[in-house]
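Notes follow once the structure below has been shown.
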Amino acid sequence: MERAVKKNLILFLVGKVTAVLGSSIYAFAIGLYILAETGSSLNFAFTLVLSMLPRILLAPVAGTLSDRLDRKKIIISSNFASAIWLGVILGAFTFFSQEIWILYVATTGLSIISTFYSIAVTSSIYNMVGPDFLQRAMSLNQAAISLSAILGPVLGGVFFGIIQLHLFMALNILTYIFSAFASILIEYNLFSKKTENKKSTSMSEDLKQGASYIKAQPFLLHLVILSVWLNFWFAVFPVAMPYLVLTVREMSPVQLGIIEGAFSIGMLVMALILSARKEIRRKELSITGGMVLLSVVLMMIGLPAVPVFMGLSNVVIFGFLMSMVLILSASIMFINTPVSVLLQKNTPDEYRGRVMSLLETGASAMTPLGFILFGFLLEKLPVWLLLAVCGFSLFAMVFYLYRGKMFLKLLREEDQPRAASI
């Protein structure tokens with residue numbers, strides 16, 4: 001069994017890295033192309049909206065289908081569908097027209113297909129590796145995403161001036177096909193306990209059942225609320241950091257790029273460390289400690305904008321922000337990893353797709369709302385004050401958890417059996 005799990009992990013990692021890295025390179029190239037052709041940041045922002053909106057709207061549907069159908073078939077079909085869709089776009093872009101709207105259509109279609117793919121993959125991880133390798137699989141999944149976030153812009157920027165956009169599309173088509181074949185070889189139902197009896201209920205009824213199940217499970221409900229709360233308040237970071245570095249401190253775009261790159265590097269390093277170690281036993285300490293650290297670091301990131309520190313050299317500030325961002329990424333991994341493991345372990349297979357999709361819908365919806373709100377507030381409040389408010393709001397969740405105690409009690413009960421067996 002362990003041999004089969006390790007084979008699954010290798011194939012999963014290879015397929016995930018290939019697909020995500022190819023998509024990251026392509027997305028970066030598309031952004032550069034649109035900016036170069038139109039000179040409009042609004043047009044670029046529109047592509048971001050088109051890539052996020054389908055995930056917010058369709059995640060519950062994708063989760064329901066993931067619980068009703070064979071997830072392996074969904075994963076493989078989604079990879080091939082992405083390759084075919086991008087092939088159609090490549091043909092239209094090459095022989096029909098090179099207008100920007102075709103790229104908008106391409107982005108929307110890929111985002112729709114990706115929603116069904118990502119929910120099916122997330123819902124399949126437990127069945128693919130089982131409880132003992134779950135933290136490793138979740139960490140490697142995050143490592144693949146972080147690696148693509150680092151290499152995608154680098155490789156996309158290097159190749160953008162050398163090859164045409166058509167070749168970026170062709171490269172991404174190949175990565176989707178490669179990922180599909182890797183998925184064919186994975187045993188996604190190695191630890192599956194799902195019965196073969198398929199429900200005859202409607203999609204809407206399945207969605208209601210999924211929401212009702214979460215409401216009826218206090219532990220899962222708290223995990224979902226915790227994830228949504230964190231995603232909303234953390235949305236201040238990608239909005240405030242460029243403003244702090246470029247506008248307030250008047251540092252260079254290169255320095256901003258390095259600081260933001262450090263975030264992905266920190267996530268990658270922590271993901272690899274967690275994938276190599278045993279499952280975190282004190283999940284209560286990991287989650288609450290990570291949240292306290294996250295809130296403190298967010299507040300400290302705003303210090304360079306405080307008037308008393310404005311006289312400090314930007315060289316010093318650059319080093320300070322780099323260290324803060326690395327700590328920030330580590331704190332996020334200490335929260336996300338045990339939360340993801342707990343969600344996987346505490347959700348029955350027949351509900352896992354809907355639970356994961358409802359979580360993704362809530363978290364995904366909070367992020368753009370946070371972008372809009374914090375972008376507006378940056379014009380009204382000092383950046384250090386806004387970061388302090390968001391940091392305190394994250395800390396308030398820790399206070400709420402310890403005051404209510406129910407979630408922590410359930411969390412300790414979840415940790416007890418494992419701690420007793422070691």
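Output yes when any residue across the stretch 183-191 is in a helix (DSSP H, G or I), out of contact with any strand residue (DSSP E or B) (no Cβ under 6 Å at 6 or more places or on another chain), within 30 Å of Ser66 (Cβ to Cβ) and among the β-branched types (Val, Ile, Thr), and no when none is.
yes
Return yes or no: is Leu151 in contact (Cβ under 8 Å) with a residue 12 or more places away in the chain, closer than 30 Å to Gly257 by Cα and not assigned by TED's automatic domain parsing to the domain that holds Leu326? Show your work before the answer.
Details: in contact (Cβ under 8 Å) with a residue 12 or more places away in the chain: yes; closer than 30 Å to Gly257 by Cα: yes; not assigned by TED's automatic domain parsing to the domain that holds Leu326: yes.
When the stated conditions are applied, Leu151 passes them.
For the structure I just gave you, tell me whether Ser146 is under 20 Å from the mean Cα position of the chain (by Cα), within 28 Å of Gly257 (Cα to Cα) and either modelled with pLDDT of 90 or more or buried (at least 19 other Cβ atoms within 10 Å of the Cβ) (or both).
Details: under 20 Å from the mean Cα position of the chain (by Cα): yes; within 28 Å of Gly257 (Cα to Cα): yes; either modelled with pLDDT of 90 or more or buried (at least 19 other Cβ atoms within 10 Å of the Cβ) (or both): yes.
Yes, satisfied.
Per-residue answers, yes or no, for (1) assigned by TED's automatic domain parsing to the domain that holds Phe178; (2) crowded, with 17+ Cβ neighbours inside 10 Å; (3) over 26 Å from Asp349 (Cα atoms):
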{"residue": "Thr47", "(1), (2), (3)": "yes, yes, yes"}
{"residue": "Leu57", "(1), (2), (3)": "yes, no, no"}
{"residue": "Asp70", "(1), (2), (3)": "yes, no, no"}
{"residue": "Ser78", "(1), (2), (3)": "yes, yes, no"}
{"residue": "Ala83", "(1), (2), (3)": "yes, yes, yes"}
{"residue": "Leu86", "(1), (2), (3)": "yes, yes, yes"}
{"residue": "Gln98", "(1), (2), (3)": "yes, no, yes"}
{"residue": "Thr107", "(1), (2), (3)": "yes, yes, yes"}
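Restricting the search to the stretch 318-377, which residues are among the hydroxyl-bearing types (Ser, Thr, Tyr) and either touching a Pro at 6+ places or on another chain (Cβ under 9 Å) or part of a helix (DSSP H, G or I) (or both)? Steps first, please.
Step one: filter the stretch 318-377 for residues among the hydroxyl-bearing types (Ser, Thr, Tyr), giving 323, 329, 331, 337, 340, 347, 351, 357, 361, 364, 367.
Selection gives Ser323, Ser329, Ser331, Thr337, Ser340, Tyr351, Ser357, Thr361, Ser364, Thr367.
Restrict the check to the stretch 247-255 and report whether at least one residue is surrounded by fewer than 17 Cβ atoms within 10 Å (Cβ to Cβ), in a helix (DSSP H, G or I) and modelled with pLDDT under 85.
Scanning the stretch 247-255, I find at least one residue that is surrounded by fewer than 17 Cβ atoms within 10 Å (Cβ to Cβ), in a helix (DSSP H, G or I) and modelled with pLDDT under 85, so the answer is yes.
Can we say Met241 is in contact (Cβ under 8 Å) with a residue 60 or more places away in the chain, crowded, with 18+ Cβ neighbours inside 10 Å and under 20 Å from the mean Cα position of the chain (by Cα)? Talk me through it step by step, then tell me what you get.
On the way: in contact (Cβ under 8 Å) with a residue 60 or more places away in the chain: yes; crowded, with 18+ Cβ neighbours inside 10 Å: yes; under 20 Å from the mean Cα position of the chain (by Cα): yes.
When the stated conditions are applied, Met241 passes them.
Please find, among Met366, Met291, Met324, Met299, the residue that is buried (at least 17 other Cβ atoms within 10 Å of the Cβ), farther than 20 Å from Tyr126 by Cα and without any contact (Cβ under 8 Å) to a residue 40 or more places away in the chain. Before the answer, list the steps.
On the way: Met366 fails: without any contact (Cβ under 8 Å) to a residue 40 or more places away in the chain; Met291 fails: without any contact (Cβ under 8 Å) to a residue 40 or more places away in the chain; Met299 fails: without any contact (Cβ under 8 Å) to a residue 40 or more places away in the chain.
From the options Met366, Met291, Met324, Met299, the qualifying one is Met324.
The values are calculated or read from the model by the stated rules, or taken from the named source; none is laboratory data. Given the structure is predicted, the values throughout are model-derived calculations rather than measurements. Quick reminder, even Gly has a Cβ in these numbers, built from the backbone with ideal geometry, and neighbours come from all protein chains shown.
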